[in-house]
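The values are calculated or read from the model by the stated rules, or taken from the named source; none is laboratory data. Predicted model, so just to flag it, every value in this text is computed and none were measured. No Cβ is skipped: glycine too gets one built from the backbone with ideal geometry, and neighbour counts run over all protein chains shown. Protein only, heavy atoms only, side chains kept; ligands, DNA and RNA dropped before computing areas. Shrake-Rupley method; radii C 1.70, N 1.55, O 1.52, S 1.80 Å.
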Amino acid sequence: MLKMMTFFQGLSGHQPVRDTLDFPRSPQKLPSTSEAESEASMSVASSEDLAPPLEAGTALCREEEKTAKKKKEKKKKSKGLANVFCVFTKGKKKKGQLSSAEPEGAARSRQGLDGPPPTVEELKAALERGQLETAPPLLALERELAAAAAAGGASEEELVRRQSKVEALYDLLRDQVLGVLRRPLEVAPERLRQALAVVSEQESEDRQAAAAAAEPGTSGLAVTRPRRWLQLWRRGVAEAAEERMGQRPAAGPEVPESVFLHLGRTMKEDLEAVVERLKPLFPAEFGVVAAYAESYHQHFAAHLAAMAQFELCERDTYMLLVWVQNLYPNDIINSPKLAGELQGVGLGSLLPPRQIRLLEATFLSNEAANVRELMDRALELEAQHWAEDVPPQRLDGHCHSELAIDIIQIISQAQAKAESITLDLGSQIKQVLLAELPAFLRSYQRAFNEFLERGKQLRNYRANVIANINNCLSFRMSMEQKWQVPQDTLSLLLGPLGELKSHGFDTLLQNLREDLKPLFKRFTHTRWAAPMETVEKIITTVDMRLPEFSELQDCFREELMEAVHLHLVKEYIIQLSKRRLVLKTAEQQQQLAGHILASADTIQHFCTKHGSPATWLQPALPTLAEIIRLQDPSAIKIEVATYATCYPDFSKGHLSAILAIKGNLSNSEVKSIRSILDVSTGAQEPSRSLFSLIKVG
């Protein structure tokens, strides 16, 4: 991380490179007519070598540059990087306003240029004052020189001297023009148009020179074209973008978030200024929006590529992906003011696809590890509350645990974090998180089972059991509705929850079952004398226990009531299957069948009244009563076949136990009736268990 901070300090705090394209503008006025004639007679008509005057002119320029800088420093303090590209924060100058590069004497000098062709010294003086009107006469001078070289009348030495002067003037003109274009919004629009016209004129001359390159006639002159001023302008744009993007963030620590924010905000605001204020002034051939956009993009991309070479922490990996995949393309490139302008530029991504995939894989791995850690920590805290006998919260009359909400939020936040990068990454992490969830739910189930075994003596034991059963509803609803888990995955996830709920129900019903055990034994102990009295006692006992389950969620209270319903029917059948009751007459069998029907009706009515949805249990006892009542073996066979359809786990052993009550059936008749179940041997497994819970000898 120390290396990373050093890296950011180096990138965001570097000093800008000196502007080599910003030639100093001299405040001197144009010379008078007599002075111009004197200067012209000094060097133009002289036969001495022209190199020393050029060197002297260069020295003069340097001296003027130093003088201009000193005067500027006296007027105001240096603003450093803040002035590099401040054009994006300053307003436009009024039309016709004079810039610092165009003194009041410029208009007067232009009148002189409209007369006889100016001398080299006059052009030099005008250029030093920043007068861009010198470009056409200078171009005419260059063409005149080329014509003289082609004609062959001048000596090679003379051509060299004349060309050196022309090139020196071009150096001055280039620096003046590129200096204006370097800070295009600091100058008056008319002056900016002049500079742009000069560049366009030079580009046109470059093309003409290239077309005539194969033609002879330029012997004795050095090749000076193409000058590529448009290319130099683009290079200046790149330097300006680098200086702007390389500035230190205004305030706060130099962390990736602040650096990214500075880069993004600077690029967006500057490009909007280019679109609104420069594009209307620049000729189409400049591609001004594309030039600035590409320069800013390249600097942004280089910065991120350099950062990606480090071993990134989780937060930095996330920030990189958010900017590369979301904020940069959506909030900058496709922002309302820039989308139409940048659509055809084709800037592309800030990072190559392979590097993005590596970062995404790292992000997914990091988030999966974080989710595992957070879920384990939440479960550990919840189990600690159980062990410390902390009572659960009550919410709308139900025992409530925060565990399910915590887990759901952990997963949802991880998915939302991935979706903040791209929706596709959100889909990918969904599969990763769903793969983590079964392992957590199994851990949850194991922790709950340990609590069931060790916490029986705790005061809030039952309340915490109910709270954890209620948790299953929140988990299930999130899986089915919010996460839209596929059915095969859903069954895998609901398995541990189903077992947790089942173990919780067993715990809650344990006391009730203990209370009912001696009551059911009365059936066999009294040889089914006054069975309805016993059934009424059973119902009363159950009714007294029901308030203990009131803090379950409604759906689970119904499921619990179904479990009670199943237990009552199952225990009743167990007592019928004890083989301790043998009735030899039809009247006795009919009387017992009547008791069974009455008991079945009482049980069904009570359980349905209290919310049991177990309609599948309704025919369980009445059909057995009918088998006991019937005397015709063929009729009994029909009932048995129907019964086996309703309850596929009804076996020959169960049937034999019931037929044992009918003491007037012969062995052959019993065997014949039992054979009807052979037809159902290949029946599918029952979706609900009844007789598989009943053991018979």
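Observations on the model:
- Residue-level analysis places Glu436 outside the set of residues that are without any contact (Cβ under 8 Å) to a residue 12 or more places away in the chain and surrounded by fewer than 20 Cβ atoms within 10 Å (Cβ to Cβ).
- With respect to the conditions (1) in a helix (DSSP H, G or I); (2) open to solvent by less than 70 Å² (accessible area, probe 1.4 Å); (3) not acidic (Asp, Glu), Leu458 falls short on a single one, namely (1).
- Qualifying residue in the range 528-537 (condition: under 40 Å from the mean Cα position of the chain (by Cα), over 30 Å from Gln457 (Cα atoms), hydrophobic (A, V, I, L, M, F, W, C) and not in a helix (DSSP H, G or I)): no
- Candidates in the range 455-488 are the residues that are among the charged types (D, E, K, R) and in contact (Cβ under 8 Å) with a residue 24 or more places away in the chain; of these, the one that is farthest from Lys430 (Cα to Cα) is Arg459.
- Of all residues making up the range 336-347, the number that are loosely packed, with under 15 Cβ neighbours inside 10 Å and closer than 26 Å to Leu425 by Cα: 4
- Members of the range 265-304 that are more than 29 Å from Leu196 (Cα to Cα) and either at pLDDT below 90 or touching a helix residue (DSSP H, G or I) at 6+ places or on another chain (Cβ under 8 Å) (or both): His303, Leu304
- Test: residue in the range 470-478 that is open to solvent by 50 Å² or more (accessible area, probe 1.4 Å), aliphatic (A, V, I, L, M), at pLDDT below 95 and more than 26 Å from Phe606 (Cα to Cα): yes
- Here the range 266-289 is the region considered, the condition is being open to solvent by 30 Å² or more (accessible area, probe 1.4 Å) and part of a helix (DSSP H, G or I), and the residue that is nearest to Gln231 (Cα to Cα) is Glu285.
- Count - residues of the range 640-651 that are surrounded by fewer than 19 Cβ atoms within 10 Å (Cβ to Cβ) and either free of Cβ contacts under 8 Å to residues at least 24 places away in the same chain or closer than 21 Å to Arg579 by Cα (or both): 3
- Any pair with Cβ under 7 angstrom, 6 or more apart, that starts in the range 652-669 at a residue that is under 10 Å from Val696 (Cα atoms) and ends at one that is buried (at least 19 other Cβ atoms within 10 Å of the Cβ) and small (Gly, Ala, Ser): His654/Ser577; Ala657/Ser577
- Qualifying residue in the range 534-557 (condition: of a type outside the set (Val, Ile, Thr), closer than 22 Å to Ile627 by Cβ and either open to solvent by 50 Å² or more (accessible area, probe 1.4 Å) or in contact (Cβ under 8 Å) with a residue 12 or more places away in the chain (or both)): no
- Near pairs, Cβ below 7 angstrom, 6+ apart or cross-chain, from the range 610-625 (within 14 Å of Leu560 (Cα to Cα) and open to solvent by 40 Å² or more (accessible area, probe 1.4 Å)) to any residue that is of a type in the set (A, V, I, L, M) and modelled with pLDDT of 95 or more: His610/Leu546; His610/Met561
- Test: residue in the range 311-325 that is buried (at least 20 other Cβ atoms within 10 Å of the Cβ), more than 24 Å from Leu178 (Cβ to Cβ), without any contact (Cβ under 8 Å) to a residue 40 or more places away in the chain and out of contact with any Lys or Arg (no Cβ under 7 Å at 6 or more places or on another chain): yes
- Residue, modelled with the highest pLDDT, within the range 183-212, restricted to residues that are of a type in the set (S, T, N, Q) and exposed (fewer than 15 other Cβ atoms within 10 Å of the Cβ): Ser204
- Pairs, first farther than 13 Å from Ala593 by Cβ in the range 628-639, second small (Gly, Ala, Ser) and buried (at least 18 other Cβ atoms within 10 Å of the Cβ), C-beta under 7 Å, six or more apart: none
- In the range 348-363, of all residues being part of a helix (DSSP H, G or I) and open to solvent by less than 30 Å² (accessible area, probe 1.4 Å), the one that is nearest to Val274 (Cα to Cα) corresponds to Ile356.
- Search result, residues across the range 401-422 that are open to solvent by 30 Å² or more (accessible area, probe 1.4 Å) and assigned to a helix (DSSP H, G or I): Ile405, Asp406, Gln409, Gln413, Gln415, Ala416, Lys417, Glu419
- For first residues located in the range 683-694 and within 19 Å of Thr615 (Cα to Cα) and among the aliphatic types (A, V, I, L, M), partners that are modelled with pLDDT of 85 or more and assigned to a loop (DSSP other than H, G, I, E, B) and lie 6+ apart or on another chain with Cβ distances below 7 Å form the pairs Leu690/Tyr647; Leu690/Asp649.
- The helices (runs of 4 or more DSSP H) located wholly in the range 78-182 that include 2 or more residues which are modelled with pLDDT of 80 or more and within 25 Å of Leu278 (Cβ to Cβ) occupy 135-151, 156-182.
- Residue match in the range 373-389 (condition: in contact (Cβ under 8 Å) with a residue 12 or more places away in the chain, part of a helix (DSSP H, G or I) and farther than 30 Å from Arg476 by Cα): no
- Qualifying residue in the range 379-399 (condition: closer than 24 Å to Gln553 by Cβ, in contact with a Pro (Cβ under 7 Å, 6 or more places away or on another chain) and surrounded by 17 or more Cβ atoms within 10 Å (Cβ to Cβ)): yes
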